[in-house]
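Everything on this sheet refers to the single structure shown next.
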């Protein structure tokens, strides 16, 4: 019996991808292999081959990496739930793209429906990136309130509030350059990010409009777990609120720190990061969560749960 009473599942976003992710799960667990095959069939493309052996440059493309991360995350999730029936989340959350993995994990939308929306979202965002030529940068060493006081103009937006002292800005190349200079004068460290475009900014307006049409008919239902969303940094249970937040997320900032704090506020005593890399565990450390975070990125990471629940089956 677990000593943890309220478990939160966290899912990573774009940028966590790497060639070969999930390959060890597919090789060892049929449920993971079946998930990758299901995605290939639904998409009518060999996505699994790209995930397992594609180049980093191929996987980095917005239209590819969003699908790859989503499928890998759900494959790992299904392995965990197959092996450890007791491992049920009380709440789910995901960083940007990861919100769609959380949507499926929390029971609000099935895998097949979510996969098609992720595909459409990725395509729409790719097209917006190609059309606008935006940029992003991470701001370090300055509190969010200070960054928010900055005069942004119409070419710069606040994109992510990740951790204390880590905010991401997004916008046109000119806007990000001007904002970076202003922030450096105020004492911040500003580093450009290698991204395809200006995510979570007004430059994604065309993608937001296309996503709204996709989500309009999505069969969202009440989930089995609570959902914490990026736009508000808080819980959302009403189906229409969830739909609205998913749409708004494309052009609005991700309030990740606030969301993590909201989960701790209701007594979450274990965070489980499901998917490629261990980015969210690092963020939780910087946020200062009192509950531990366990990342499940490779088969070896399952050992924690074997010890917690007993042998895997």
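What follows is calculated from the coordinates using simple rules that are stated; it is not laboratory data. From a predicted model like this one, the values you see are computed outputs, not experimental measurements. Because the Cβ atoms are built from the backbone with ideal geometry, glycine has one as well, and the counts that use them run over all protein chains shown.
Between the stretch 184-255 and the stretch 123-160, what is the separation of their alpha carbon centroids in Å? Going from one Cα centre to the other spans 13 Å.
Remark: relative contact order (the stretch 134-192) = 47 percent; criterion is Cα-Cα distance under 8 angstrom and separation of 6 or more residues.
With angles folded into 0 to 90 degrees, how steeply does helix 30-43 sit against the dominant principal axis of the chain? Use alpha carbons for both and round to 10. Roughly 50 degrees, rounded to the nearest 10. The long axis of helix 256-265 is offset from the longest Cα principal axis of the chain by roughly 50 degrees. Placing a label point 7 Å from the Cα of residue 266 along the Cα-to-Cβ line, the residues of the stretch 70-107 whose backbone N sits under 11 Å from it are 90-93. Shape class for the stretch 162-230: oblate, because the ratio a/c of the largest to smallest gyration tensor axis (alpha-carbon atoms, square roots of eigenvalues) is 1.5 or more and b/c is at least a/b. State the Cα centre-to-centre distance between the stretch 1-29 and the stretch 257-313 in whole Å. Computed from Cα coordinates, the inter-centre distance equals 10 Å.
Ordered by the number of other Cβ atoms lying within 10 Å of each residue's own Cβ, fewest first, 18, 29 fall into the sequence 18, 29. For the chain, the longest principal axis of the C-alpha atoms and the axis of helix 205-216 are separated by about 30°. If you build a Gaussian network model of the chain, linking Cα atoms that sit under 10 Å apart, which residue out of 262, 207, 102 swings the most? Sorting by GNM fluctuation, first place goes to 262. A Gaussian network model of the chain, with springs between Cα atoms under 10 Å, assigns the largest mean-square fluctuation among 48, 170, 151 to 151. In terms of packing, defined here as the mean over residues of other Cβ atoms within 10 angstrom, the peptides 277-284, 91-98 line up highest first as 91-98, 277-284.
Each peptide in 247-255, 5-13, 190-198 was scored by the mean count of other Cβ atoms within 10 Å over its residues; highest first, the order is 5-13, 247-255, 190-198. Between 103, 215, 115, the residue with the greatest mean-square fluctuation in the GNM of the chain (Cα pairs under 10 Å linked by springs) is 215.
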